[in-house]
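Chemist: Structure below; questions to follow.
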Amino acid sequence: MDEQSLVYLTSTRRKLHAMAELSGAEYNTSAFIVDELKRFGYKPKTIGTGVYCDVGRGNNRLAFRADIDALPILEDVTATGAGGFAACGNVMHACGHDGHTANLLNVARIVGGKSDIPLRFIFQHDEEVAGGSTLMIENGVLDGVAEVYALHLCPELEQGKIGYCYGAMFAGCCEFDVAYGGKSGHCATPELCADAVRSAVYVASEAYKLTEKHKISVTLGKMNGGYARNIISDNCMQEYTARFYDTAACESFMIDLERAALRADDDNGTSHTIKTVAVYPPLVNHAIAVDRVRSVMGDMCMPVPPRNTAEDFSNFLEHTSGCMVWLGIKSDGHTSPLHSKTFSFDESALLTGTELFLKLIESYKA
């Protein structure tokens, strides 16, 4: 690491923070990354608003990934201290992606456009909403890659520490909607109606019972239906999220949920459709990659438990070996959780991230 790292990390993170953009619309962020990479001697390529570049020759590349999108959150600049570099409007880098991106750009800056080791730097768009990793993978961003690594800022972990987890680090996520159709009428004549809300209530009850059977977590976050207290409804809509560490368990749950909905239709005369909105597999770290992180960072590493949050870096790890680790940022005045309007961190915490990636490069043999 060179003496310019902290200056570059601080300046770059704040520029990125000020231009925060939502998933799939990271146009200025993408252009900034492209310009920086060109300035460092690379020839960047784009996939949507995602960016990647190579250095070194050959396959069996060592890759690093950072995500670049922000969240629809209005920043509390009084709490974060970002008054001079906060984004305009209700958009904020409240998940640390500005730090992830600044860190990877700093590594690319230090490596420069020359390397004896075949490397790939990946700046992924659309992590928070639609899974930009899938689009980038479909367009070849992992072609020739042997290992891939990523980090995520962690406000619960002391600054200077690396948190590692063998196996599943993040839960898989399945977001799905259930729509019910029926026949409306007065509550005094239910025999003439098909109660969509009644079917929906039954299915919700069964969904929560099924979580115990399949060992997954399910949340019914939204439910809309009906017209008035004395009118049987001909429609209802539910929005669910399931979290799981075993994909097969989630699939079995969905089959049982379909059976429950069919029973509700038989009992109430309704119809239903189940629509899957988004699916993220569990993020499962590869042991050999976790071992590599621990070997290069030593006592700076500590074990951490898995979390029920989801991360679409999981798609990368379904295609190639690698892992994600937590980068500690907890320090005085910086303890707010991710996805909060008060989230902030000291850019000096990113020095450990740069050190990690550089040491992984030094230890790598293609």
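Chemist: List the lysines whose Cα sits under 26 Å from the Cα of residue 213, skipping any in the same chain fewer than 8 residues away.
Modeler: Cα-Cα hits under 26 Å: 222, 275.
Chemist: I'd like the trypsin sites (Lys or Arg not before Pro) in segment 228-325 restricted to DSSP loop residues with at most 10 other Cβ atoms within 10 Å, sorted by number.
Modeler: For trypsin sites (Lys or Arg not before Pro) across segment 228-325 that sit outside H, G, I, E and B with at most 10 neighbouring Cβ atoms in 10 Å, the list reads 229.
Chemist: How much of the accessible area of segment 195-283, in percent, comes from carbon and sulfur atoms when a 1.4 Å probe is used?
Modeler: Ligands and nucleic acids excluded, carbon and sulfur give 50 percent.
Chemist: With a ≥ b ≥ c the root eigenvalues of the C-alpha gyration tensor of segment 293-346, is it rounded (a/c under 1.5), prolate (a/b larger than b/c) or oblate?
Modeler: Cα axes put segment 293-346 in the oblate bin.
Chemist: Cα centroids of segment 84-137 and segment 252-314: how far apart, whole angstrom?
Modeler: Answer, in whole Å: 24.
Chemist: Right, something else. Which aspartates and glutamates have a Cα less than 14 Å from the Cα of residue 330, not counting those fewer than 8 places away in the same chain?
Modeler: 156, 158, 346, 347
Chemist: Could you do me a favour and compute the accessible area per residue for segment 82-193, 1.4 Å probe, result in Å²?
Modeler: Heavy-atom SASA per residue in segment 82-193 reads 33 Å².
Chemist: Ignoring solvent entirely, what values of log10 I(q)/I(0) come out of the Debye formula for segment 18-96 at 0.15, 0.18, 0.21 Å⁻¹ when each Cα is a single scatterer?
Modeler: After summing over all Cα pairs, the log10 values are -0.63, -0.81, -0.97.
Chemist: Using a 1.4 Å probe and counting only protein heavy atoms, arrange 186, 286 so the residue with the most accessible area comes first. Numbers along the way, then the final one.
Modeler: On the way: 186 90, 286 60 Å².
Ranked from most to least accessible, the order is 186, 286.
Chemist: Pick out, in residue order, every one of the chymotrypsin sites (Phe, Trp or Tyr not before Pro) in segment 190-269 that is DSSP loop and has at most 15 other C-beta atoms within 10 Å; say none if there are none.
Modeler: Of the chymotrypsin sites (Phe, Trp or Tyr not before Pro), the ones in loops of segment 190-269 whose Cβ has at most 15 other Cβ atoms within 10 Å are 227.
Chemist: Whole number please: convex hull volume per residue, Cα atoms of the chain, in Å³.
Modeler: Considering the Cα atoms of the chain, their hull volume per residue is 146 Å³.
Chemist: Can you tell me the dipole magnitude for the chain around its Cα centre, using point charges on the Cβ only (Lys, Arg +1; Asp, Glu -1), in Debye to the nearest 20?
Modeler: On the way: 32 positive and 46 negative charges, 117 e Å.
Using Cβ point charges on Lys, Arg, Asp and Glu, the chain gives about 560 debye.
Chemist: Would you mind telling me the share, in percent, of accessible area of segment 1-153 contributed by carbon and sulfur at probe 1.4 angstrom?
Modeler: Carbon plus sulfur share of accessible area: 48 percent.
Chemist: Right, here's the next one. Here is the link list: 15/45; 15/38; 45/365; 161/215; 15/341. Which ones come out longer than 23 Å on Cα distance? List each step's numbers first, then the result.
Modeler: Working: 15/45 21 Å; 15/38 17 Å; 45/365 25 Å; 161/215 32 Å; 15/341 18 Å.
Over 23 Å apart, Cα to Cα: 45/365; 161/215.
Chemist: Moving to a separate point now. For the chain, take the longest principal axis of its alpha carbons; what is the angle in degrees between that and the long axis of helix 97-111, to the nearest 10 within 0 to 90?
Modeler: Tilt relative to the chain: about 30 degrees.
Chemist: For segment 304-366, which whole-number percentage of the solvent-accessible area (1.4 Å probe, protein heavy atoms only) is attributable to carbon and sulfur atoms?
Modeler: After summing per-atom areas, the C and S share lands at 49 percent.
Chemist: Over all pairs of distinct alpha carbons, what does the Kirkwood formula give as the hydrodynamic radius of segment 56-139, in Å?
Modeler: 14.7
Chemist: Another question, then. Kirkwood hydrodynamic radius (Cα pairs, Å) of segment 271-366?
Modeler: About 16.1 Å for segment 271-366.
Chemist: A further question on this structure: Could you run the Debye sum over the Cα atoms of segment 148-289, one equal point scatterer each and no solvent, and tell me log10 of I(q)/I(0) at q = 0.13, 0.18 Å⁻¹, two decimals?
Modeler: At q = 0.13, 0.18 Å⁻¹ the computed log10 ratios are -0.65, -0.97.
Chemist: Which percent, nearest 5, of DSSP beta bridges in the chain are antiparallel?
Modeler: Taking every DSSP beta bridge within the chain, about 65 percent pair in antiparallel fashion.
Chemist: Kindly state, as a whole number, the per residue volume in cubic angstrom of the convex hull around the alpha carbon atoms of segment 63-203.
Modeler: 247
Chemist: Relative to the longest principal axis of the chain, what angle (0 to 90°, nearest 10) does the C-alpha long axis of helix 350-363 take?
Modeler: Value to nearest ten degrees: 70.
Chemist: Rounded to whole Å, give me the distance from the Cα center of segment 333-366 to that of segment 165-197.
Modeler: What the calculation gives is 41 Å, centre to centre.
Chemist: Quick one: accessible area per residue over segment 222-268, 1.4 Å probe, rounded to a whole number of Å²?
Modeler: So segment 222-268 comes to 55 Å² accessible per residue, rounded to a whole number.
Chemist: A further question follows. From the Cα gyration tensor of segment 1-144, with a ≥ b ≥ c the square roots of its eigenvalues, which class applies: rounded if a/c is under 1.5, or else prolate if a/b is larger than b/c, or else oblate?
Modeler: oblate
The values are calculated or read from the model by the stated rules, or taken from the named source; none is laboratory data. Remember, predicted model here, so these are calculated numbers, not experimental data. No Cβ is skipped: glycine too gets one built from the backbone with ideal geometry, and neighbour counts run over all protein chains shown. Ligands, DNA and RNA are excluded from the accessible area calculation, which covers all protein heavy atoms including side chains. Shrake-Rupley method; radii C 1.70, N 1.55, O 1.52, S 1.80 Å.
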